[in-house]
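Structure first, commentary second.
Every number here is computed from the coordinates shown, using simple stated rules; none is lab data. All values derive from a computational prediction rather than experimental measurement. Every residue, glycine as well, gets a Cβ built from its backbone with ideal geometry; the counts of neighbours run over all protein chains shown.
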Amino acid sequence: MQLSFSPEDEKFRAEVAAWLQGNLNGEFEQLKFRGGPGDEHMFPEERLKWEQKLAEGGWTCVGWPKENGGRGCSIEQQVIFFEEYARAGAPGRVGHIGEGLAGPTIIAFGSEQQKQKYLPGIVSGTELWCQGYSEPSAGSDLANVKTKARFDEAKGKWIINGQKVWTSLAHESDYVFVIARTDPDSLAHKGLGFFLMKMDQPGIEVRGIEQITGTSEFNEVFFDDAECEADDIVGAPGEGWKVAMGLLGFERGVSTLGQQMQFQNELDEIIKLAKDNGAARDPVIRQRIADAHIGLKIMRYNSMRMLSGGDGGSLQKEALIYKLYWSTWHRDLGELAMDVLGPEAEMLESGPYQLTRLQSMYLFVRSDTIYGGTNEIQRNIIAERGLGMPKEPRVKL
């Protein structure tokens, strides 16, 4: 792993910084430092315009191959891009699921027809994606999905029935990728398919879930004879688990750099607040801030290490620790933010749910150790896949 940057990389850094300085102003000035955890509901239309502004400058999908519409940036340059993006205070990306998950998965596993159909909309920032994985009975245990897909010979389409839950930004998305069971008699990870589906169609209903912050960033999604084109299954029926695991590799991969961008902005805000209100004079608070800074640096270096794995979602084993590490770190950062705020942490600005960004962040991060695989599940994964320990005993009911 290379921790330093070449003169060519530093020239790239200057290019990124100059573009952001020249464009993150005017109508986009209000978006600075917005759109982080607990704040995703803010300025959705304006942030979509910003996504398209990035595309005009060639700053979406910077790590994608050039033949797929990206810049073909190295890992070092991708790190630089996200560092400068954070330094400029640029907003949380509304296209991150398409750019970081759907797109790389289609590039790695999809057909040429699928690449031509879906990648341009992601690159241009005009088409947003959401993820149809979790279900009421299949959260951390993804292999327990019950959503079914059957092929209708008369229509020549896949018919999807079932329910997904905790679907982030489903209410704003144009497309969803869905894991569904193509073999109704199959169990666990066998007999699954990975489908690319249009959200705006009969048979798909989105219901917002109100969070403790008073907002509805994620949703329930119901599929009632919803249709998927025959050519929009990625891989063959039964290969859905392989594709899904490849996507999770991307989730633990380059997309983590954008996540760390938001973390840095939050930490910077906490440090400024501690200086302004005097909390920084407390030696315990100073030590906790230092620990948070060190933890974020460790997170970055581990990301660079695990990203040296390869293509197709394959990563080094260091990736297995990432979810457990960042979710615990982020939860602790929320608690630090409240302690820095002091008594003001318990006061609302003007009325119910009129939360500050740090208050929203604190409430939101309580979920970090649950979604995407609970901390308990993550420890099992580290033990079994990383350390080769025996699997946890399971009782058949």
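Legend: calculated FRET efficiency, Ala14 to Arg286, from the Cβ-Cβ distance at R0 = 41 Å, rounded to 0.05, equals 0.80.
Mean residue ellipticity at 222 nm from the helices of the chain, using -39,500 (n - 2.57) per DSSP H segment of n ≥ 4 over the full residue count, to the nearest 500 deg cm²/dmol?
On the way: 11 runs with 156 residues, N = 397.
One gets -12500 deg cm²/dmol as the mean residue ellipticity at 222 nm.
Modelled this way, with points 7 Å down the Cα-to-C-beta line, the labels at Leu387 and Lys198 are 5.0 nm from one another.
Helix 7-23 and the long axis of the chain differ in direction by around 90°, with both axes built from C-alpha atoms.
The residues Arg286, Arg181, Arg357, when put in order of fewest to most other Cβ atoms within 10 Å, stand as Arg286, Arg357, Arg181. Kirkwood Rh and Cα-based Rg: tell me the resulting Rg over Rh for the chain, rounded to two decimals. Result for the chain is an Rg/Rh of 0.96. The residues Ser6, Ser124, Ser134, when put in order of fewest to most other Cβ atoms within 10 Å, stand as Ser6, Ser124, Ser134. Rg and Dmax, both from the Cα atoms of the range 7-94 and both in Å, are 13.0, 39. A protection proxy built from the mean count of other Cβ atoms within 10 Å ranks the segments 387-393, 274-280, 238-244, most packed first, as 238-244, 274-280, 387-393. Projecting the Cα positions of Ile382, Leu267, Ala90 onto the charge dipole of the chain (unit charges on Cβ atoms of Lys, Arg, Asp and Glu, taken about the Cα centre) puts Ile382 furthest along the positive direction.
If you look for lysine pairs in the range 7-94 that are eight or more places apart or on different chains, how many of them have Cα atoms under 21 Å apart?
The result is 4.
Extent along the principal axes, Cα only, for the range 73-134: 37, 25, 25 Å, with the longest axis given first.
With the Cα gyration tensor of the range 129-238 giving a ≥ b ≥ c as the square roots of its eigenvalues, does the rule (a/c under 1.5 for rounded; else a/b larger than b/c for prolate; else oblate) give rounded, prolate or oblate? Since a/c reaches 1.5 but b/c is at least a/b, the shape of the range 129-238 is classed as oblate. Residues of the range 158-192 with an amide N closer than 16 Å to a point placed 7 Å from the Cα of Phe151 along the Cα-to-Cβ direction: 158-160, 180-185, 191-192. Which log10 I(q)/I(0) values does the range 231-298 give at q = 0.12 Å⁻¹ under the Debye formula, counting every alpha carbon as one identical point scatterer? Relative scattering, expressed as log10 I(q)/I(0), comes to -0.52. Counting only residues at least eight positions apart within a chain, or on another chain, the aspartates and glutamates with an alpha carbon under 18 Å from that of Lys155 are Asp224, Asp225, Glu227, Glu229, Asp231, Asp232. What the Cβ-Cβ distance of Gln354 and Ala188 gives, at R0 = 45 Å and to the nearest 0.05, is a FRET efficiency of 0.45. Listed values for the range 149-155 are Karplus-derived 3J(HN,Hα) couplings in whole Hz (6.51 cos²θ - 1.76 cosθ + 1.60, θ = phi - 60°), namely 10, 10, 8, 8, 4, 5, 7, and x replaces Gly and Pro. Fewest neighbouring Cβ atoms within 10 Å first, the residues Asp174, Asp225, Asp368 line up as Asp225, Asp174, Asp368.
About its Cα centre, the range 129-238 has a charge dipole of approximately 320 debye under the convention of +1 per Lys or Arg Cβ and -1 per Asp or Glu Cβ, with nothing else charged. Taking amide H positions as modeled 1.01 Å from N, with prolines and chain starts lacking one, the residues under 5 Å from Val165 and 5 or more places away or on another chain are Ser134, Glu135, Val221. Three principal axis extents of the range 252-386 based on alpha-carbon atoms, in descending order, are 48, 30, 24 Å. Whole-Hz Karplus values for the range 194-202 come out as 10, 10, 10, 10, 7, 6, 7, 7, x Hz, taken residue by residue from phi with 6.51 cos²θ - 1.76 cosθ + 1.60 and θ = phi - 60°; glycine and proline positions read x. Angle, helix 112-123 long axis vs. longest principal axis of the chain, Cα atoms, 0 to 90°, nearest 10? With rounding to tens, the tilt is 20 degrees. Roughly how far apart, in whole Å, are the Cα centres of the range 77-154 and the range 183-203? A separation of 16 Å, based on Cα centres. Counting only lysines at least 8 places from Lys323 when in the same chain, those with an alpha carbon closer than 16 Å to its own are Lys297.
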